[in-house]
Amino acid sequence: MRAALQLSEAGLKVAVLSKVFPTRSHTVAAQGGIAAALGNVTEDNWHWHMYDTVKGSDYLGDQDAIEFMCRQAGEVVYELEHYGMPFDRLENGKIYQRPFGGQSQNFGGAQATRSCAVADRTGHAMLHTLYQRNVRANTQFFVEWMALDLIRDEHGDVLGVSALDIETGEVMILQARATLFATGGGARIFSASTNAFINTGDGLAMAARAGVPLQDMEFWQFHPTGVYGAGILISEAVRGEGGYLLNKDGERFMERYAPHAKDLASRDVVSRAMTTEIKEGHGCGRDADHLLLKLDHLGADVIKARLPGIREIAIKFAHADPVREPIPVVPTAHYMMGGIPTNFHGQVVAPYKTGPEEVVQGFYAVGECACVSVHGANRLGTNSLLDILVFGRAAGNQIIEDLKRNSHHKHLPGDAADKALGRLARLDSQKDGENVSQVGDMLRKTMQTHCGVFRFADLLKQGVDKISEVAQRARNTEIRDKSRVFNTARVEALELDNLVEVAVATMVSAQARTESRGAHARDDFPHRDDDKWLKHTLYFSEDRRLDYKPVRLKPLTVESFPPKARTY
Amino acid sequence: MKERERARWRCRRGLLELDIVLQRFMDKHYATLDEAGIRQFETLLDFPDTDLWHMIVQKDEDEGKAGLQPVLHLLQSI
Ligand SMILES: Cc1cc2nc3c(=O)[nH]c(=O)nc-3n(C[C@H](O)[C@H](O)[C@H](O)COP(=O)(O)OP(=O)(O)OC[C@H]3O[C@@H](n4cnc5c(N)ncnc54)[C@H](O)[C@@H]3O)c2cc1C
């Protein structure tokens, strides 16, 4: 929506497709805030923010893109404020900021205070602000439309998408001089996921099926505290207020793993510690498969006043009132660092012609579905709302430039919709096929068991076979309802195709990377290996081939931050 | 005709907590709703995610909620 706004305000004709009403996008779930070194509470500057982001990425982030993002952070936040986003305020009227993990002053010094928020509704406010503004600028919305496949011509240029109008069941071709994907994440490939059901990685799968590689798919951030069995995220704020984790013996085990930061150590550290506890038999419950988050010692008053939302979630989904009893939690898939490779102008780049980073003409990607890469191997909290704003705007500007040069539609190939129609025809004619939700369950279980927080050589190897079997079964899914109007079974079958692409890319990329870096933790290769692995993975769907390309270590104007051990 | 399927798709939300509660509602209660109940449910589905979620978890006797009973109550009890 940020990119659409840029285009509509420049007088271009813009169609925004969304599976659900745009303000019900998953961004609505973001509560923590958006990072920008405004320095309203403690001294801060973009260069420190850049350092934190590079370090947080475990040096896999591209430093040109990171500099670009951190430099523009203030501007995009003030722009949102100008659009009417009701940021929380300090007494002096400036935008209020709160501290978040991984934020430091002076290149690794004291805690910085960098995240701007609208109470616990930052994402909600952002979506509504941008939606209203787009309506005013005459952006045309196609609500409950699902893009199915990318259309490329014989030169590889992107000419638009085929899409399904969910209400009528019609498949249409949307021809465009520029096509931008902002389709969000795909953490529904895991059984334990904080993501909403719509996050099925559609954009990645469409790109992969059209021959565009997927970058760094082995890197998924697991949030330490998702509600056991349901996945809903319990914010770090609970541990910030003094809550802590217990194993089945009632031991506060984080003291052993991170003596200083304890329960507030970074997400990957806490998630790994929890997984180790469970693996060593210290998990809680009948299946010894989760841990407990204790906060009753904070007292009913503090919990009710400062963590009311958390209490409601615990009661509803864990049947535990945290005023009296601990919340069962488990590390839960949360954010996808990988995605469609782009440069910092939002242009999709791939090694499909002569160089390793050739621009795919007419194709742009932004947000969680893209890999710019500013998050590298590990994203810092509140950096992704910043990512979607900065690169949404940048991609909008780039499209405006590119369209000045390409003022006419290119010729649409005769088979433009064949790929999508073929998949639908297969689904309609399938006999004695597989059940969509069963195959989906098998996919999620396979990913959870074989490619979770900790990765083991033998499990990954078996995982590649198992996920191939899932992919095979997914090719034969059958749906009973063959009608057109609002056929949600068909939509879910198409989403499963997309989950499969994302899952296979993840498993194959993870098996190949024999080091531990950021969120990718190998049991057999516990250390980062910069000599061999300071490079981005590229996965090609058609033959499951892997290729690699160098990390961009050179920023735009400042000196490079060379890789160092990442300690907090 | 496909009222149920339409409602089922509109239960797809940005908040996972709503996805889960609304799916449970579809499985457990939707089939028992009368015409008025279906209208109430559709009205509720039109609320923004964060507002709908607060209506479900905060069981205050807000006057604005009166017209949405008994469906809101069913959602709260899930
Ligand atoms: C619980 C939770 C809390 C978070 N909190 C924070 C936070 O505080 N700060 C922060 O910076 N980040 C946070 N994140 C991460 C952040 O919210 C996401 O990374 C970000 O919102 C993704 O935005 P997006 O625009 O890329 O995608 P989304 O907001 O997911 O939007 C994707 C859009 O694409 C549409 N779409 C998808 N597929 C198709 C298709 N096939 N056809 C048509 N339309 C399609 C969808 O309908 C949707 O409108 C949080 C994440 C979670 C899960």
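Evaluate the charge dipole of region A:225-271 about its Cα centre and quote only its size in Debye, nearest 20, assuming +1 on the Cβ of each Lys and Arg and -1 on the Cβ of each Asp and Glu.
40
What do you get for trypsin sites (Lys or Arg not before Pro) in region A:87-173 restricted to DSSP loop and a cutoff of at most 14 other Cβ within 10 Å of the site's Cβ?
Hits after loop and neighbour filter: A:94.
Using modelled amide H (1.01 Å from N, peptide plane; none on Pro or chain starts), what sits under 5 Å from the amide H of residue A:114, excluding residues fewer than 5 places away?
Under 5 Å from the amide H of residue A:114: A:98, A:100.
Peptide B:44-54: average number of partner chain Cβ atoms within 10 Å per residue?
4
Mind checking which of A:207, A:179, A:148 is farthest towards the positive end of region A:143-279's charge dipole, using Cβ charges of +1 (Lys, Arg) and -1 (Asp, Glu) about the Cα centre?
Most positive-ward Cα: A:207.
Starting from the amide H of residue A:329, placed 1.01 Å from N in the peptide plane, find each other amide H under 5 Å away whose residue is 5 or more places distant or on another chain.
Amide H to amide H, under 5 Å and 5 or more residues apart or across chains, residue A:329 pairs with A:228, A:291, A:292, A:293.
Excluding ligands, DNA and RNA, what is the solvent-accessible area per residue of region A:328-424 at a probe of 1.4 Å, expressed in Å²?
Accessible area per residue, region A:328-424: 32 Å².
Which whole-number value in Å² is the accessible area per residue of region A:158-199, probe 1.4 Å?
27
Answer with one residue from B:67, B:50, B:38: the one whose Cα lies farthest towards the positive end of the charge dipole of region B:3-77, charges on Cβ with Lys, Arg +1 and Asp, Glu -1.
Of the listed residues, the answer is B:38.
What FRET efficiency do you get for residue A:136 and residue A:406 if R0 is 30 Å and r is their Cβ-Cβ distance, rounded to the nearest 0.05?
Efficiency computed from Cβ-Cβ geometry: 0.65.
Please list, ordered by chain and number, the residues whose modelled amide H lies under 5 Å from the amide H of residue A:192; skip anything fewer than 5 residues away on the same chain.
A:333
Along region A:519-529, what does the Karplus equation 6.51 cos²θ - 1.76 cosθ + 1.60 (θ = phi - 60°) give for ³J(HN,Hα), rounded to whole Hz, x for Gly and Pro?
Result, ordered by residue: 7, 9, 10, 9, 5, 7, 9, x, 10, 6, 10 Hz.
On the accessible surface of region B:3-77, probed at 1.4 Å, how many percent belong to carbon and sulfur atoms?
49
Quick check on region A:130-180: take the gyration tensor over C-alpha atoms, sort the square-rooted eigenvalues as a ≥ b ≥ c, and tell me if it's rounded (a/c under 1.5), prolate or oblate.
Verdict is oblate for region A:130-180.
What size of dipole, in debye to the nearest 20, comes out for region B:3-77 about its Cα centre when the only charges are +1 on Lys and Arg C-beta atoms and -1 on Asp and Glu C-beta atoms?
It works out to roughly 340 debye.
Give me the accessible area of residue A:126, 1.4 Å probe, in Å² rounded to the nearest 10.
10
Rg and Dmax of the protein assembly as shown over Cα atoms: what are they, in angstrom?
Every Cα atom of the protein assembly as shown included, Rg and Dmax give 23.6, 69 Å.
Probe radius 1.4 Å, ligands and nucleic acids left out: can you give me the accessible area buried at the B-A interface, summed over both chains, in Å² to the nearest hundred?
Between B and A, the summed buried area is about 2900 Å².
Are there any residues in region A:455-489 with a reduction of at least 40 Å² in accessible surface when going from the isolated chain to the assembly of protein chains? Probe 1.4 Å, please list them by number.
At a threshold of 40 Å² (probe 1.4 Å), the residues of region A:455-489 that become less exposed are A:486, A:488.
With the cut-off at 1.5 for a/c, could you classify region A:415-547 from its C-alpha gyration tensor as rounded, prolate or oblate?
In terms of gyration-tensor shape, prolate.
Anything over 22 Å Cα to Cα? Flag those among A:404/A:549; A:55/A:549; A:431/A:461; A:19/A:431, in the order listed.
A:404/A:549; A:431/A:461; A:19/A:431
In debye to the nearest 20, how big a dipole does region A:221-330 give about its Cα centre with +1 on each Lys and Arg Cβ and -1 on each Asp and Glu Cβ?
My answer is approximately 120 debye.
Tell me which GluC sites (Glu not before Pro) from region A:189-253 have a DSSP coil assignment and no more than 15 other beta carbons within 10 Å of their own.
A:241, A:251
For region B:18-38, list whatever residues lose no less than 10 Å² of accessible surface once every protein chain is in place, relative to that chain by itself, with the probe at 1.4 Å.
Going by heavy-atom accessible area, the residues of region B:18-38 that drop by at least 10 Å² are B:19, B:20, B:21, B:23, B:24.
For chain A, list the DSSP H helices whose alpha carbon atoms reach 30 Å or more along the long axis and whose average Kyte-Doolittle value is 0.0 or above?
Flagged H segments are A:383-405, A:488-512.
The values are calculated or read from the model by the stated rules, or taken from the named source; none is laboratory data. All values reported here derive from a predicted model rather than from experimental measurement. A quick note on method: Cβ atoms are made from the backbone with ideal geometry, for glycine too, and the neighbour counts reach across all protein chains shown. SASA here: full protein model, heavy atoms, side chains in, ligands and nucleic acids out. Shrake-Rupley method; radii C 1.70, N 1.55, O 1.52, S 1.80 Å.
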